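The values are calculated or read from the model by the stated rules, or taken from the named source; none is laboratory data. These numbers come from a predicted model, not from an experiment. Note that we place each Cβ from the backbone using ideal geometry, even for glycine, and neighbour counts take in every protein chain shown. Only protein heavy atoms, including side chains, enter the accessible area calculation; ligands, DNA and RNA are left aside. Shrake-Rupley method; radii C 1.70, N 1.55, O 1.52, S 1.80 Å.
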Amino acid sequence: MRALHVGEGGAGMTLLLDEADPDRMPGASLRGGRLTAAEADRWGVLLEEAWTILLRRHWTTAAEARVLLRAVTVLDAPPGRATSGTPRHAPGLIGLSSPVDARGLAETIAHEIQHTKLNAVLDHHVLTEADDGVRHPVAWRPDPRPLLGALHGVYAHLGVAGFWRRERPAAGPRAEGAYARWRDAAHAAAVALAESPALTPHGRLFLEGTTATLAAWKSDPPAALPA
């Protein structure tokens, strides 16, 4: 496997580019064949730029990525769209479609780190009872989700909202709009999920903490943008 190196010394990270393991992401739309040398170089450049963004304004996410991420695999996506995923059975691996730009790649890393952390929590604590067949509508997917899937989405979009919250001074109106959109969507879903009787005590505690953070952010004033 090829390796993608970013940063230097203690502030650096290396991700293996997994293009071969047939079990790396079952059910995902994997890219067929290996990246060309030019494609791999582009991934390396964008990852370096994304890593700089994370180190500069999202140091917590960068620290988590350095510890938790080990490999990346390439996914197919429709033209003009992006997709990503984190397999439960392969901690340390994330799947990403070809990045459009460095800021979008940094956002996706912040998103998938949340799934990786929640999967680790689920190795130790049961957050939901067995699937009761109830499906919950969420703003980030067209299909209503089972409780655990919706909880994953809320936590992931807490990370997305947090990313855009810190990006606001650098990215301007784009970041302000994305922050408000995903903060409000995650908060609304979290409030709705709190009504589910299928949450365990650990699940309710986890959701309460997530909801409290999102609720506090709703009182944020607009960021001061550079002149």
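Ligands, DNA and RNA left out, the accessible area of the chain computed with a 1.4 Å probe is 58% carbon and sulfur.
Loop sites here are GluC sites (Glu not before Pro) outside DSSP states H, G, I, E and B with no more than 13 other Cβ atoms within 10 Å. The longest part of the chain free of them is 9-194.
Give me Rg/Rg_expected for region 149-227, where Rg uses Cα atoms only and Rg_expected = 2.2 N^0.38 Å with N residues.
Working: Rg = 13.7 Å, N = 79, 2.2 N^0.38 = 11.6 Å.
Region 149-227 yields a ratio of 1.18.
Given the choices (1) 1.03; (2) 0.95; (3) 1.23, Cα Rg over 2.2 N^0.38 Å derived from the coordinates of this structure is entry (1).
For the chain, the relative contact order comes to 15 percent (Cα pairs under 8 Å, sequence separation of at least 6). Taking trypsin sites (Lys or Arg not before Pro) across region 144-227, the ones in a DSSP loop with at most 12 further Cβ atoms lying within 10 angstrom of their Cβ are 218. Of the trypsin sites (Lys or Arg not before Pro) found in region 32-81, the ones in coil according to DSSP and having at most 12 other Cβ atoms within 10 Å of their Cβ are 81.
Need one number: the % of Cα-Cα pairs in region 55-187 sitting beyond the 23 Å mark. Could you put the intermediate results ahead of the total?
On the way: 3039 of 8778 pairs.
Counting every Cα pair in region 55-187, those more than 23 Å apart make up 35 percent.
When nucleic acids and ligands are ignored and a 1.4 Å probe is applied, residue 52 ends up with an accessible area of around 50 Å².
Ranked from largest, the principal axis spans of the Cα set of region 1-110 equal 34, 29, 23 Å. On a per residue basis, region 62-108 carries 45 Å² of accessible surface, using protein heavy atoms and a 1.4 Å probe. From helices alone, the chain scores -17500 deg cm²/dmol at 222 nm; the rule is -39500 (n - 2.57) for each run of n ≥ 4 DSSP H residues, then divide by the residue total.
Using alpha carbon coordinates only, what is the Rg to Rh ratio of region 3-55, with Rh defined as the Kirkwood radius? Please report the intermediate quantities before stating the final value.
Details: Rg = 13.0 Å, Rh = 12.6 Å.
That ratio is 1.03, to two decimals.
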